[in-house]
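Single-structure report; data block below.
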Amino acid sequence: MEFTMLDEPYLGYRIEWATTPSQNQPEMWLGHFHAFKAGERTVRGSLVNPQRSAANAHLSVIRIAKARIDAVLLRQSSRLPG
């Protein structure tokens with residue numbers, strides 16, 4: 001699987017994503033991502049709902065990656081003293 005990097009960072013993270021045909025439904029597509037930031041754990045995930053096109057899988061996986069990054073940052077901010 002070859003990952004492609006998102007052109008612009010999201011909240012300091014670089015997102016790499018890939019789309020692949022579904023093994024169970026070859027006419028459908030899945031998406032995979034990992035997002036990394038220096039000094040932070042890598043955020044990884046996959047799109048579990050097959051999409052009708054690679055473009056739709058790409059859009060969905062980027063949206064999910066950003067939501068997962070938001071969740072990580074929210075957890076981190078809730079642990080800060082204050």
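The values are calculated or read from the model by the stated rules, or taken from the named source; none is laboratory data. For clarity, every value in this text was computed on a predicted model and none was experimentally measured. Glycine also receives a Cβ, built like all others from the backbone with ideal geometry; neighbour counts cover every protein chain displayed. The area values use the complete protein model at the heavy-atom level, side chains included, leaving out ligands, DNA and RNA. Shrake-Rupley method; radii C 1.70, N 1.55, O 1.52, S 1.80 Å.
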(message) If you restrict to DSSP beta bridges whose two residues both lie in the chain, what percentage is antiparallel, to the nearest 5?
(response) 100
(message) In whole Hz and in residue order, list the ³J(HN,Hα) couplings for the stretch 33-46 that follow from phi through the Karplus curve 6.51 cos²θ - 1.76 cosθ + 1.60, θ = phi - 60°; x for Gly and Pro.
(response) 8, 9, 10, 9, 8, 3, x, 10, 5, 6, 9, 10, x, 9
(request) Normalising by the residue count of the chain, find the relative contact order in percent from Cα pairs under 8 Å and 6+ residues apart. (result) 24
(message) For the chain, take the longest principal axis of its alpha carbons; what is the angle in degrees between that and the long axis of helix 54-78, to the nearest 10 within 0 to 90?
(response) 20
(request) Mind telling me which of Leu11, Leu47, Leu30 comes out most flexible in a GNM of the chain, alpha-carbon contacts under 10 Å? (result) Leu11
(message) Between Gly12, Gly39, Gly31, where does the largest GNM mean-square fluctuation fall for the chain, given springs only between Cα atoms within less than 10 Å?
(response) Gly39
(message) Within the chain, which is the longest segment that contains none of the trypsin sites (Lys or Arg not before Pro) sitting in a DSSP loop with at most 13 other Cβ atoms within 10 Å?
(response) 1-40
(request) Assign unit charges at the C-beta atoms only (+1 for Lys and Arg, -1 for Asp and Glu), then state the dipole size of the chain relative to its Cα centre in Debye, rounded to the nearest 20. (result) 380
(message) Under 16 Å from a point placed 7 Å out from the Cα of Gln23 along the Cα-to-Cβ direction: which residues of the stretch 43-82 have their backbone N that close?
(response) 46-50
(request) Give the ranking of Met1, Met28 by solvent-accessible surface, highest area first, calculated with a 1.4 Å probe. (result) Met1, Met28
(request) Compare the Cα positions of Ala55, Leu74, Phe33 along the charge dipole of the chain (+1 at Cβ of Lys, Arg; -1 at Cβ of Asp, Glu; about the Cα centre) and return the one farthest towards the positive end. (result) Leu74
(request) Enumerate the amide H contacts of Ser22 below 5 Å, restricted to partners 5 or more residues apart or on another chain; note that Pro and chain-start residues carry no placed amide H. (result) Met28, Trp29, Leu30
